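Reviewing the structure listed below.
The numbers here are math on the coordinates, done by the rules we state, and not lab data. Here the structure is a predicted model, which means the values were calculated and not measured. Every residue, glycine as well, gets a Cβ built from its backbone with ideal geometry; the counts of neighbours run over all protein chains shown.
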Amino acid sequence: MKIIDLTAEIYNKMPVYPGDPEVEIQEIYSVEKDGYSVSKIKINDHTGTHVETQSHLIKGKKIEEEPLERFIGKAAIIDIKTGKVEIEDIRKYENLMDGCDILLMRSGYSGRKNGIFSRDTERPILSLDAIKWIIGKRIKILGIDAFDFDPSPTYEGHKLCFKKNVLIVEGLVNLENIRTNKVKLHVIPLKIRGTGSSPCRVFAIEE
């Protein structure tokens, strides 16, 4: 058994989506001065690797309303290109997705870009037809190694997922370290009350 951590590190002043509150991590008490260590941590609910639920964009469940079993399942890992991704780029993986309730899309984007650039046309951008096809495979989580995958500034792709009760995980890293095309996936969000999203620890288990 091998465990692969797919979570981006959270650190002070790390890149955030343009307009989102910045990350602030400050040590308030230290072992050297006070005999114990306490830090103040200020983040937004889309910090780093994060999971999004329905109430991020539509009326629906918040993060604390989702049961833990929603965040654990068998995942298929597929390779996609950066730039525009059409339905034919996804459909060839149909047999691989059989028996899986999670789909992870590996583009390599997170390993090449140090920052979040909302208008970057080099990021993976899924067409609405591709998103509809993926949703039709009855998955419960769609994950990607980029900060976004939506072709529209109105986030129609995200809304399509949420309307079909598909959660979204963005900001994954290290997908290139997975050697198999199917893994057991754990997406562990913070149990925050009242938000539509949460930073999460994501790891894959190769068996």
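Just want the ordering: Ile3, Ile90, from fewest to most Cβ atoms lying within 10 Å of their own Cβ.
Ile3, Ile90
If you count the DSSP beta bridges with both ends in the range 1-155, what percent of them are antiparallel, to the nearest 5?
Percentage antiparallel, nearest 5: 30.
Looking at the square roots a ≥ b ≥ c of the eigenvalues of the Cα gyration tensor of the range 14-128, which shape do they give, rounded for a/c under 1.5, prolate if a/b is larger than b/c, or oblate?
prolate
For the chain, what is the calculated [θ] at 222 nm in deg cm²/dmol (nearest 500), taking -39500 (n - 2.57) for each run of four or more DSSP H residues and dividing by its residue count?
So the calculated ellipticity at 222 nm is -3500 deg cm²/dmol.
Per residue, how much space in cubic angstrom lies within the convex hull of the C-alpha atoms of the chain?
Spelled out: Cα convex hull of the chain, divided by residues, is 134 Å³.
I need Asp5, Asp101 ordered by Cβ neighbour count within 10 Å, fewest first.
Asp5, Asp101
What is the order of Tyr93, Tyr17, Tyr36, fewest Cβ neighbours within 10 Å to most?
The most exposed by this proxy come first: Tyr36, Tyr17, Tyr93.
Can you give the extra length, in nm with one decimal, that the chain gains between Asn12 and Arg201 once fully stretched, where that is 0.36 nm per residue apart less the Cα-Cα distance?
66.3 nm
If each residue of separation counts as 0.36 nm, what is the full-extension length gain between Glu24 and Lys74 once their alpha-carbon separation is subtracted?
14.5 nm
Quick one: grab the alpha carbon gyration tensor of the range 92-207, order the square roots of its eigenvalues as a ≥ b ≥ c, and give me rounded if a/c is under 1.5, else prolate or oblate depending on whether a/b is larger than b/c.
rounded
By how many nm would the segment from Arg138 to Asp98 lengthen if fully extended, with 0.36 nm per residue of separation less the alpha-carbon distance?
13.4 nm
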